[in-house]
Amino acid sequence: VSVGGSARVGSVGGSASVDRAAGTSVVHLYRGGTLTRAGAYVAVYLHHSKVTYTGGHVIDVSALDECDPQTWCDLLGVTIDDQGLAHLFKAVDAQLVAGHSYRPTTYTIGSTITDPRWRDDHDCGGGLHTCPTTFQARSHYTSAARFLEVTVPVTDLRPIDPTKAKSRQVTVLREVDEFGDPIEVTL
């Protein structure tokens, strides 16, 4: 695979490889990933020490503990307010329900929702999943009709990967548009 222009390669790991990256491309290398040749202005993110690369502008984040909630928020640009609440996003259907076909949950605006099946780990399931951006939320629920801004105490977050975290409880703050901007409600 070759990328150029302003292309972005989201994840290269295992035995995956990129032969050449040019222009202002961005490549994220995870354990086992290979980038054979990168131009001088390619941003190469190293997420693990066991990667192979040549060239590029290297940004080494391999020493970061991406399971640490504060580090995860800092790395992904999550807004944290003065009360220590992370402001995240949830994609829902037209009736404010999410959970795919597994365990549908209604996210009523202004309410606090608790998952009775909470599991304190960094794996999918056993918690309410939220994302740093509305775009990532949509990637996990592609047929979403609406988006919500929710808050979670940073200390209660359990990062799963760079696109989502889970928690035992979320408070639904408001509805937002696809860009994360509040939707004005007129009465």
Item to check | Pairs, first under 13 Å from A22 (Cα atoms) in the stretch 44-62, second of a type in the set (F, W, Y) and open to solvent by 70 Å² or more (accessible area, probe 1.4 Å), C-beta under 8 Å, six or more apart | outcome: V44/Y53; H57/Y41
Item to check | Checklist (1) open to solvent by 40 Å² or more (accessible area, probe 1.4 Å); (2) within 24 Å of Y30 (Cβ to Cβ); (3) in a strand (DSSP E or B); (4) touching a residue at least 60 places away in the same chain (Cβ under 8 Å) applied to P159, failing item | outcome: (1)
Checklist outcome for this item: For E184, the lone unmet condition from (1) open to solvent by 50 Å² or more (accessible area, probe 1.4 Å); (2) within 30 Å of H48 (Cβ to Cβ); (3) part of a loop (DSSP other than H, G, I, E, B); (4) without any contact (Cβ under 8 Å) to a residue 40 or more places away in the chain is (2)
Item to check | Residues (within 13 Å of the chain's Cα centre (by Cα) and open to solvent by less than 20 Å² (accessible area, probe 1.4 Å)) located in the stretch 104-142 | outcome: T130, C131, P132, T134, A137
Next on the checklist: So for the stretch 37-50 (the condition being in contact with a Lys or Arg (Cβ under 8 Å, 6 or more places away or on another chain), modelled with pLDDT of 90 or more and open to solvent by 60 Å² or more (accessible area, probe 1.4 Å)), does at least one residue qualify?
Outcome noted: yes
Checklist entry - Is it true that some residue in the stretch 93-100 is within 18 Å of V176 (Cα to Cα), buried (at least 18 other Cβ atoms within 10 Å of the Cβ) and under 18 Å from the mean Cα position of the chain (by Cα)? => result yes
Checklist entry - With respect to P153, is the statement that it is touching a helix residue (DSSP H, G or I) at 6+ places or on another chain (Cβ under 6 Å) and under 18 Å from E66 (Cα atoms) true? => result no
Checklist outcome for this item: A145 vs (1) touching a strand residue (DSSP E or B) at 6+ places or on another chain (Cβ under 6 Å); (2) free of Cβ contacts under 8 Å to residues at least 60 places away in the same chain; (3) open to solvent by 30 Å² or more (accessible area, probe 1.4 Å): all pass except (1)
Checklist entry - What tally of residues in the stretch 72-112 results from selecting those that are touching a residue at least 24 places away in the same chain (Cβ under 8 Å) and within 24 Å of P162 (Cβ to Cβ)? => result 20
Next on the checklist: If I filter the stretch 57-92 down to residues being out of contact with any Leu (no Cβ under 7 Å at 6 or more places or on another chain) and of a type in the set (D, E, K, R), which single residue comes out as most open to solvent (accessible area, probe 1.4 Å)?
Outcome noted: D82
Checklist entry - Out of the residues in the stretch 30-40 that are in contact with a Ser or Thr (Cβ under 8 Å, 6 or more places away or on another chain) and assigned to a loop (DSSP other than H, G, I, E, B), which is nearest to T54 (Cα to Cα)? => result G33
Checklist entry - Regarding I59, is this residue modelled with pLDDT of 95 or more, touching a strand residue (DSSP E or B) at 6+ places or on another chain (Cβ under 6 Å) and more than 16 Å from D156 (Cβ to Cβ)? => result no
Checklist entry - Residues of the stretch 1-29 being modelled with pLDDT of 85 or more, surrounded by fewer than 20 Cβ atoms within 10 Å (Cβ to Cβ) and not in a strand (DSSP E or B), which ones? => result A22, G23, T24
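The values are calculated or read from the model by the stated rules, or taken from the named source; none is laboratory data. Predicted model only: the values in this text are computed from it and were never measured. Using ideal geometry, Cβ is built from the backbone for each residue, glycine included, and neighbour counts are taken over all protein chains shown. Note: accessible area is taken over every heavy atom of the protein model, side chains too, but ligands, DNA and RNA are not part of it. Shrake-Rupley method; radii C 1.70, N 1.55, O 1.52, S 1.80 Å.
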